[in-house]
Structure formats: structure tokens, C-alpha cells
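A short write-up of the structure that comes next.
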Amino acid sequence: MSDAQIGRRALLRGAGGLAALAALPSLAACGTGSSRTADGGGKGGKTVVVRDSGGSYGVALQKAIYTPFTQETGIQVKVLNLDDAPLLAQIKQGRPQCDLINNSMTSHFKYVKQDALEALDRDRLKSLKSAKIPGAQITDHAIGHSFYGQCIAYRTDAFGGKKPESWADFWDTKAFSGGRAMVSPDGDLPELEFALLADGVPMDKLYPLDVDRAFKVLTRLRGDIKKFWDSGPLPGVLLSRQEVTMSTVWDGRIADLEKQGVPVTRQLNGMRRQFSGYAIAKGAANVEGAYKLMDFALRAESQAALAKAFPSNPSSPLAYEKLTEEERNALAGAPKYYDKGFDADIEWWLKNEAAVTKRWLEWARG
């Protein structure tokens, strides 16, 4: 990946990134995406259109959410895999192709700043109470349905039986030798929180982030960082090839490698949680259908079904009670792990992401 590619993509992820992308016709045109329709049901001719990111996650959503919804309601579900830029451009033009948007809560906050989401009528979402959705994940325009955690992955055969327990261990290349990998801004938010945790800052005192201190700590590790990853599978690849002994990782991304017998595992202490959620596009053609699908998807039963089909960590605490002990403990959101992590402060990152990303790029190249 070239510096030019890193710089252009990373900077567009900043607070003004969506607006900048929407203004670029060549990029906006690329987001027509793929579509599919849920099978089954057919009790009526109504259709609700939902945006999701596709891939294996989209397949799981089809199985766990869309098809059962159609079977219960008779409402067909059409799915579009759209990037933020073209979808935002459609909304701004008053012609959104989607009714319901499944996206990161960070993206939803950015959409709100562009007046691109409908204000929610919470009385139309019975699952908020029945599934006990945490109050922190209920906003005026979006509801958090699940999270992914960013944590440590490591080779279990690399340290003579020792196990890293913290971000301080991630930084300790004497006791835990070998190369490291961390995320680039093309993959996720820069990992300043982990540097501060490694330097002794308590989880509940992280925000507002001390950016200067974080970069000083990052600089101590810079020579041992062999790769900056920009896609979910890459940390597992680097660990499998023994190019590094430890990497930051999205929590569910090495489960398959463990099942295949690759000597890797994860450490959830100090995990950074980021939520995904549902929102309704401003000017949606089928607002009623969007509410119904959102309410269905937020049910504890629906969240549990999705967790069985994909390593998704439900926002509903009741969803974990509907899983077996083995299924529950495989998830970073399980009660036994939850207090080990912290929620990313979206408001702080929205205000500071562009400046931090610019500084990160200069640091990484230096």
C-alpha cells in the first residue's frame, strides 16, 4: 500500500470525510452495490430496503434476521450494499435507495451532522424495553444493536508459555519478543487508547485522550511494528506466517484460525468496543417498514440468532441468556468479559479524528 493511498483514504475517514466523498462523482458512482431479496413469506407485496455491508455478515443477516422477518410479517426485504458516500449523496438529493441503514454508530453520528437521518419515535420500537437495550446505545437517530471489540491477538507458542495480559505486555518486547502489527487509519480509528493504557492510564480516565502522550508511547514501539493492517483478516495472516508474534485485531477475526489448530488466541483486557446500529434514512420511502424491521432485529431472540450465525456481540444483555455457555463465552460481549473493555468515545473521535489521522500519517512515515 503506497503512502498516497494511505493518505487519501485515511484523511477521507475524518469528520468531513463523508461530505468530501459525496462531492466526488467518481467515488459516488461506485456505490450502487449489490442487492438481494429475502425468501419466504410472501403474505403481501410490501418491501423494505436495508443497507448492510454484505459479505459473510450479510449472509448471516439474511439467515438470522431478514428471512424470519419476512416469514413473520410478509414484508419482503431488499438489501443494498452501499458505501457511505453514495448513500449520503442519495439522501442529500432526496432520493435514498434505502429505508433502513445498518452501519457503525460513528457513521450514524456523521450522518446526523449532515441532517441525513430521521429522528426516531422510540414508542414505535417495543424491543428497546423488551430486549433491555443499554441507554448509552439509544440515541435520537440510531440504536446500537451490536459491537465489535479491538483487542490483542498473539501466538501461543511464542513466549515460552507466558501469556500477555495487558497492553503493557504488548509494548514489552523484551518479555514478549517479536514483531508487532497495529491498525492503519484505513482499517479503523488509530489506536491511541492502547498506548495510553500501556502507559498506565486507567480505562475510565482515557477520555479526553492525551494525544501527545499517546504518540510518545507509540514512538517507543515504532521500530517493532512490522505492519500496519487495513483489513480484518490481515492480523491473522501475519500471525499465521509468524511475521509478528502479537497484533491488534477485531475480536472475532481469529476464531477460525484457532479452530484450524493455528497456535493463536486473543486477550480481551483493555478491549476497545465500537457499536453498530440501525437508523432510518431521511426521506425513506417506507418508514413504517423500516421501523418494523428495526424492531424485529433488536429483539433479544434476533440478536442471539445473529450471534449464532456470525461473531456479533449483541447489545441486548438478554440475548446472551439465549445462547449456550460455549456460544456465549466465544463472544467478547459475554458478561464474563464485558468489564475488561471500554466503549470508544464517538463524540471525541468525531471532533478529533481528522487531526489525529493527519498526525498518525506523519508519525508512521517518520
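Quick notes on this one:
- HN-Hα J in Hz across segment 250-264 - Karplus 6.51, -1.76, 1.60, θ = phi - 60°, x for Gly and Pro: 6, 4, x, 7, 10, 4, 5, 5, 4, 5, 7, x, 5, x, 9
- Dipole-positive endmost among A158, N102, Q76 within the chain (Cβ charges, Cα centre): Q76
- Along the axis of the charge dipole computed for the chain (Cβ charges of +1 for Lys and Arg, -1 for Asp and Glu, origin at the Cα centre), the listed residues L197, I91, S247 are led at the positive end by I91.
- Short-range pairs are left out: with C-alpha atoms under 8 Å and at least six residues apart, the relative contact order of segment 89-203 is 16 percent.
- Expressed as a whole percent, the accessible surface of the chain that belongs to carbon and sulfur atoms is 49, based on a 1.4 Å probe.
- D345-D212 FRET efficiency (beta carbon distance; Förster radius 25 Å; 0.05 resolution): 0.90
- Taken about its Cα centre, segment 214-328 carries a charge dipole of about 580 debye when Lys and Arg each add +1 at the Cβ and Asp and Glu each add -1 at the Cβ.
- Surface analysis of the chain yields an accessible area of 43 Å² per residue, using protein heavy atoms and a 1.4 Å probe.
- From phi via Karplus (6.51, -1.76, 1.60), per-residue ³J(HN,Hα) for segment 282-292 in Hz, x at Gly/Pro: 4, x, 4, 6, 10, 5, 4, x, 5, 4, 5
- As a ratio to 2.2 N^0.38 Å, the alpha-carbon radius of gyration computed for the chain takes the value 1.00.
- Under 14 Å from the Cα of K129 - aspartates and glutamates, other chains or at least 8 residues apart: D121, D295, E301
- Helix 300-309 vs. the chain, principal-axis angle (Cα, 0 to 90°, nearest 10): 60 degrees
- Within the same chain, lysines fewer than 8 places from K336 are excluded, and of the rest, those with a Cα less than 16 Å from its Cα are K322.
- Residues of segment 311-328 with amide N under 20 Å of the 7 Å Cα→Cβ point at A136: 312-321
- Judged by the gyration tensor of its Cα atoms, with axes a ≥ b ≥ c, segment 246-366 is oblate; a/c meets the 1.5 cut and b/c is at least as large as a/b.
- The charge dipole of the chain, taken about its Cα centre with unit charges on the Cβ of Lys, Arg, Asp and Glu (plus for the first two, minus for the last two), comes to roughly 360 debye.
- Relative contact order %, the chain, counting alpha carbon pairs below 8 Å whose residues are six or more apart: 25 percent
- Listed residue pairs exceeding 29 Å between alpha carbons, taken from K113/K227; K205/K282; K126/K308: K113/K227; K205/K282
- Multiplying the residue separation of E165 and A355 by 0.36 nm and removing their Cα-Cα distance gives an extension gain of 65.3 nm.
- Value of [θ]222 nm, deg cm²/dmol, for the chain, DSSP H segments ≥ 4, -39500 (n - 2.57) each, nearest 500: -10500 deg cm²/dmol
- Coupling constants for segment 341-355 follow from the phi torsions by the Karplus curve (6.51 cos²θ - 1.76 cosθ + 1.60, θ = phi - 60°), and in residue order they are x, 9, 8, 4, 7, 4, 4, 5, 5, 4, 6, 10, 4, 4, 5 Hz; glycine and proline get x.
- Charge sum, other residues only, whose C-beta stays under 14 Å from L196's C-beta, Lys/Arg counted +1 and Asp/Glu -1: -2
The values are calculated or read from the model by the stated rules, or taken from the named source; none is laboratory data. Given the structure is predicted, the values throughout are model-derived calculations rather than measurements. Ideal geometry is used to build each Cβ from the backbone, glycine not excepted, and the neighbour counts take in all protein chains shown. Protein only, heavy atoms only, side chains kept; ligands, DNA and RNA dropped before computing areas. Shrake-Rupley method; radii C 1.70, N 1.55, O 1.52, S 1.80 Å.
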